[in-house]
Every structure is written in C-alpha cells, then in structure tokens.
Amino acid sequence: MLKAFKYRIYPTKAQRSKMEQTLELCRWAYNETLAYRKNSFEQEGKSISKYETHNLLPEWKKNKPELKGG
C-alpha cells in the first residue's frame with residue numbers, strides 16, 4: 001500500500017522573493033536556450049546538443065551576474 005503525504009510551506013517574504021527570483025532566472029535561461037536552438041536549426045539546419053548549450057552558460061554569467069547565485 002502506497003501512502004502520500006502533503007506538506008504546506010509558509011515562506012517568509014524574503015524567502016518568497018528569493019524563490020520568485022530563482023524561478024525567473026530559470027525561465028530566462030530556458031527561453032534563451034530554446035531561442036538559441038531554434039534559431040540555429042532554422043538558419044543552419046543544425047541541431048544543437050545539450051552540451052553545446054551548456055557551453056553558453058559561462059558567457060551568460062558574465063553578462064548577467066545574478067546567474068552566478070550566492
């Protein structure tokens with residue numbers, strides 16, 4: 001028999017703000033990666049691998065320091 005548990009969290013305003021900021025950065029990175037892969041395929045007919053998109057992250061971190069975290 002499987003059991004399921006539900007837990008509610010009650011973050012403080014600061015925690016909520018940090019979670020929203022993190023989620024926004026995740027959205028931004030996902031959308032940038034998707035746009036890069038889509039444009040590459042449409043312009044060059046080349047499919048970009050996961051590892052090639054990982055190599056973009058250091059450059060994004062230079063331009064967008066909040067991606068570094070901490």
query = What's the longest piece of the chain with no exposed chymotrypsin sites (Phe, Trp or Tyr not before Pro), counting a site as exposed if DSSP puts it in a loop and it has at most 13 other beta carbons within 10 Å?
reply = 8-70
query = Label-point separation (nm) for ALA4 and THR53, each offset 7 Å from Cα along Cα-to-Cβ?
reply = 3.0
Theoretical ellipticity at 222 nm over the chain - DSSP helices of four or more residues, -39500 (n - 2.57) apiece, nearest 500 = -20500 deg cm²/dmol
ask   = Using a cut-off of 17 Å between alpha-carbon atoms, which lysines can reach LYS64, once sequence neighbours fewer than 8 places away in the same chain are excluded?
value = LYS18
remark   = Scaled by the rule-of-thumb 2.2 N^0.38 Å, the alpha carbon Rg for region 1-64 gives a ratio of 1.68
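Each reported figure results from applying straightforward, stated rules to the coordinates on display, with no laboratory input. These figures come from a predicted structure and were not determined experimentally. Counting neighbours? That spans all protein chains shown, and the Cβs are built from the backbone with ideal geometry, glycine included.
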